[in-house]
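Colleague: Let me give you the structure first, and then I'll get to my questions.
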Amino acid sequence: MVRLSASELARRIRRKQISAREVIEAHLLRIEQVNPGLNAVVALSAEEALAQAVKADATLARGEAVGPLHGVPFTVKDWIDAAGLPCTGGEARYKNRIPVRDASVVSRMRQAGAILLGKTNVMVENEVYGRTHNPYNPAYSPCGSSSGEAAIIAACGSPLGLGSDSGGSIRQPAHACGITGLKPTTGRLPLTGHFPFISAMNDPRTTIGPMARFVEDLALVLPVLSGVDWQDASVIPMPLADWRQVKIDGLRVAFYTHHAEAEPTPETAAACRRAARLLAEHGAQVEENLPPRIEEAYEITRQYWARVESEDDEEWVSSSRSQLDGDEVARHLFIWDRFRRAMIGFMARQDVILTPAAELPAQPHGQPEGRIPYTLPYSLTGYPAVVVRCATSPEGMPIGVQVVARPWREDVALAVAHLLEQTLGGWQPPPL
């Protein structure tokens, strides 16, 4: 049962082939089995989840209408508020912080019928909960800040969950742990309830997004999460097209593996090239083509990191001392905008950009994890991107490919990723 997709779990629960209680019990048991070796789930809500499952089954028994995720379990990164559960951000100074309100995205998951299992660890290691391990080899890193979310999903402790991504923190763990993750277009989902606080005007990179083992589950959850919440002023009520209606035949696809800031392993580059050939075989117009100014993404991001942010959403509470003066901030914004203008001009001639997800597959704890030159550019532009497993390293670790689409065309990114998943393997059960 725990290996089923969230979509299939939802179908079987609605048809009364399995009960929500059985599903929740199975996932709680799986967490009990695998979490000691992963340290992925850091706050479990077992009693409440079981109580919600009983209510979900009673609702079905009465013949009442149910949401698209009725009875389906999910988990949430410890940077996203869930009422009644700790949200520490992995920082000791916040270890006693327990929010009283859900983040907008968590509330929407519950309203759709999903049942929260608990919160998941952040970063590879932090001072509150310690280190998270990769389910394919506990000696290896799960990478990125949505590390616990990716690890527990890959290990079948949760069918899907919520992460967040500023420069690759959904996409890098998805790659390292062999699952799939979606960074939506900036402005499609509200950031209300993200912790630490994100000012969308100051940081147009960060998004919340879904993570799962199967692409169809990303597509299932995205409409649930999307849309205006009347709290985050950056959200745009853009229509969401049906990914199942996208035709691969005729799509214009640019791919690349190397540039001045990117040097992948041979196996990583080969996975991207194999994915490109597959799309060509299905009628896409594929060419190797490097976007303009792509090598500038790292320096723009470094300059962003040198700026100061507020830790509070109502009062200016400086997170640190800015390393840039006013003129340098203005220059940084100009260079960032110039980069975005160059990229949107490139996308005028493309439907999809295909890249590796990272330079390296997951590495042993303590070893350099490589740079993230493939994910950073599309955080700076705000484009939607899906990572899906397409290969395996000689060490047995997953290798992901990134599918980037035009702004607001998550449907295209999902359709391409689904084809790659179905043909090149997608998620594979870890040896746990």
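Colleague: Helix by helix, which DSSP H runs in the chain go 15 Å or more along their axis at the Cα atoms and have an average Kyte-Doolittle hydropathy of 0.0 or more? If you can, show how the numbers build up before the last one.
Modeller: Numbers: long enough: 20-38 (26 Å, 0.04); 46-61 (23 Å, 0.36); 215-225 (16 Å, 1.91); 266-281 (22 Å, -0.12); 326-347 (32 Å, -0.03); 410-424 (20 Å, 0.74).
Counting only whole DSSP H runs, the qualifying helices are 20-38, 46-61, 215-225, 410-424.
Colleague: Based on the Cβ-Cβ distance of Ser322 and Glu91, what FRET efficiency does E = 1/(1 + (r/R0)^6) give at R0 = 22 Å, to the nearest 0.05? All intermediate terms of the calculation are to be shown ahead of the outcome.
Modeller: On the way: r = 21 Å, r/R0 = 0.94.
It comes out at approximately 0.60.
Colleague: Also: Roughly how many nanometres apart are two label points built 7 Å out from the Cα toward the Cβ at Gln428 and Asp242?
Modeller: 3.4 nm
Colleague: From the P(r) of region 90-166, could you give the percentage of C-alpha pairs in the tail past 16 Å? If you can, show how the numbers build up before the last one.
Modeller: Working: 1648 of 2926 pairs.
The share of Cα pairs beyond 16 Å in region 90-166 comes to 56 percent.
Colleague: Need the C-alpha centroid separation for region 51-100 versus region 383-432, integer Å.
Modeller: 27 Å
Colleague: Please arrange Leu182, Leu251, Leu240 by counting, for each residue, the other beta carbons lying within 10 Å of its beta carbon, fewest first. Mind showing how you got there, number by number?
Modeller: Working: Leu182 32, Leu251 20, Leu240 17.
Fewest-to-most ranking of Leu182, Leu251, Leu240: Leu240, Leu251, Leu182.
Colleague: Mind listing the Cα extents of region 347-432 along all three principal axes, in Å, largest one first?
Modeller: 41, 28, 18
Colleague: Right, something else. Calculate for the chain the 222 nm mean residue ellipticity that helices alone would give, adding -39,500 (n - 2.57) per DSSP H run of length 4 or more and normalising by residue count, nearest 500 deg cm²/dmol.
Modeller: Values: 12 runs with 146 residues, N = 432.
Theoretical 222 nm ellipticity from helices: -10500 deg cm²/dmol.
Colleague: Would you mind ranking Asp57, Asp313, Asp81 by Cβ crowding within 10 Å, fewest neighbours first? Present the calculation step by step, with values, prior to reporting the outcome.
Modeller: On the way: Asp57 19, Asp313 13, Asp81 25.
Ordered by Cβ neighbours within 10 Å, fewest first: Asp313, Asp57, Asp81.
Colleague: With every atom except the alpha carbons ignored, what do you get for Rg and Dmax of region 335-383, in angstroms?
Modeller: In order Rg, Dmax, the Cα atoms of region 335-383 give 13.9, 42 Å.
Colleague: If you don't mind, another one. Starting from 0 in steps of 10 Å, tell me what percent of the Cα-Cα pairs of region 262-338 lands in each bin.
Modeller: P(r) for region 262-338, in whole percents per bin: 15, 27, 23, 19, 15, 2.
Colleague: In addition: May I ask you to evaluate 6.51 cos²θ - 1.76 cosθ + 1.60, the Karplus curve with θ = phi - 60°, for each residue of region 112-120 and list the ³J(HN,Hα) values in order in whole Hz, giving x for glycine and proline?
Modeller: Per-residue couplings from phi come out as 7, x, 6, 10, 6, 8, x, 9, 10 Hz.
Colleague: Oh, and also: Kirkwood Rh, region 79-134, all Cα pairs: how many Å? Can you show the working numbers first?
Modeller: Values: mean 1/r = 0.0826 Å⁻¹.
12.1 Å is the Kirkwood radius here.
Colleague: May I ask you to sort Thr186, Thr423, Thr120 by Cβ crowding, counting other Cβ atoms within 10 Å and putting the fewest first?
Modeller: Working: Thr186 24, Thr423 15, Thr120 34.
Going from sparsest to densest Cβ surroundings: Thr423, Thr186, Thr120.
Colleague: If one computes the Cα centroid of region 300-374 and of region 174-224, what distance in Å separates the two points?
Modeller: That distance is 16 Å.
Colleague: Let me ask something additional. Looking at the chain, send over the antiparallel percent of its DSSP beta bridges, to the nearest 5. Don't skip to the answer; put the middle values down first.
Modeller: Working: 33 of 47 bridges.
Around 70 percent of the beta bridges assigned by DSSP in the chain are antiparallel ones.
Colleague: While we're looking at this one, here's another question. Could I have the simple spin-label model distance between Met201 and Gln231, label points 7 Å from Cα toward Cβ, reported in nm to one decimal?
Modeller: Between Met201 and Gln231, the simple spin-label model gives 1.9 nm.
Colleague: Kirkwood Rh, the chain, all Cα pairs: how many Å? Display every interim value, and only then the final one.
Modeller: Values: mean 1/r = 0.0466 Å⁻¹.
Result for the chain, one decimal place: 21.5 Å.
Colleague: Can you tell me, using C-alpha contacts under 8 Å and at least 6 residues apart, the relative contact order of region 73-135 as a whole percent?
Modeller: For region 73-135, the relative contact order is 39 percent.
Colleague: What distance in nm separates the simple spin-label points at Glu125 and Arg252, each placed 7 Å from Cα in the Cβ direction?
Modeller: 4.7 nm
Colleague: Counting alpha carbon pairs within less than 8 Å and at least 6 residues apart, what relative contact order, in whole percent, applies to the chain?
Modeller: On the way: 1027 pairs, mean separation 71.9, N = 432.
So the answer I get is 17 percent.
Colleague: Pairs Lys183/Lys247; Lys95/Lys119; Lys95/Lys183; Lys55/Lys95; Lys119/Lys183: which exceed 24 Å Cα-Cα?
Modeller: In this structure, Lys95/Lys183; Lys55/Lys95 lie more than 24 Å apart at Cα.
Colleague: While we're on this one: Non-local amide H neighbours of Gly118 (under 5 Å, H modeled in plane, Pro and chain starts lacking H): which ones?
Modeller: Placed amide hydrogens put Ser45, Val76 under 5 Å from Gly118.
Colleague: Using only the C-alpha atoms of region 127-281, find the volume of their convex hull and express it per residue in Å³.
Modeller: 163 Å³
Values quoted throughout were computed directly from the atomic coordinates according to the rules given, and no laboratory measurement underlies them. Quick caveat: nothing in here was measured; it's all calculated off a predicted structure. A quick note on method: Cβ atoms are made from the backbone with ideal geometry, for glycine too, and the neighbour counts reach across all protein chains shown.
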